[in-house]
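The values are calculated or read from the model by the stated rules, or taken from the named source; none is laboratory data. These numbers were taken from a predicted model, which means no experiment stands behind them. Cβ coordinates were reconstructed from backbone atoms using ideal geometry, including for glycine residues, and neighbour counts include every protein chain displayed. The accessibility values were calculated without ligands, DNA or RNA, using every heavy atom of the protein model including side chains. Shrake-Rupley method; radii C 1.70, N 1.55, O 1.52, S 1.80 Å.
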Amino acid sequence: MLRPKIPTMPTPTGRVSPPAVVEPTAIVPAAQTPPPAPVAPASSRPIVQLTPGTVVALIGGGTAVVLVVGAVLVSLLLAVAITGTSVAVCAVVLRSLLASEAKRR
């Protein structure tokens with residue numbers, strides 16, 4: 001039904017140079033050299049050097065993170081406590097209303 005059209009390779013335009021001829025070269029074996037002495041591998045981990053300024057910055061950043069996380073957790077706990085209290089008050093009011101309605105009848 002629908003057949004895709006395959007694009008044709010465009011022909012080069014302008015000046016075309018003939019392909020270069022590559023001539024094989026003779027391989028001459030070299031004199032045997034002794035294997036190099038093993039060298040201790042360099043550590044792939046970078047060395048971290050702490051200056052007094054970076055230590056102060058790390059302590060300040062850690063303190064800020066602890067304070068922010070603590071404030072968020074305290075606010076969540078407070079929200080849960082307020083919600084529980086309001087639900088309890090609503091339950092007491094509804095119970096009182098239903099009990100007074102039953103006494104009237």
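Please state which of the following conditions SER44 fails to meet, knowing it meets all the rest: (1) open to solvent by less than 100 Å² (accessible area, probe 1.4 Å); (2) at pLDDT 75 or above; (3) under 41 Å from the mean Cα position of the chain (by Cα).
Status for SER44: all satisfied but (1).
I'd like to know if segment 80-90 contains one or more residues that are part of a helix (DSSP H, G or I), at pLDDT 95 or above, surrounded by 10 or more Cβ atoms within 10 Å (Cβ to Cβ) and within 25 Å of the chain's Cα centre (by Cα).
no
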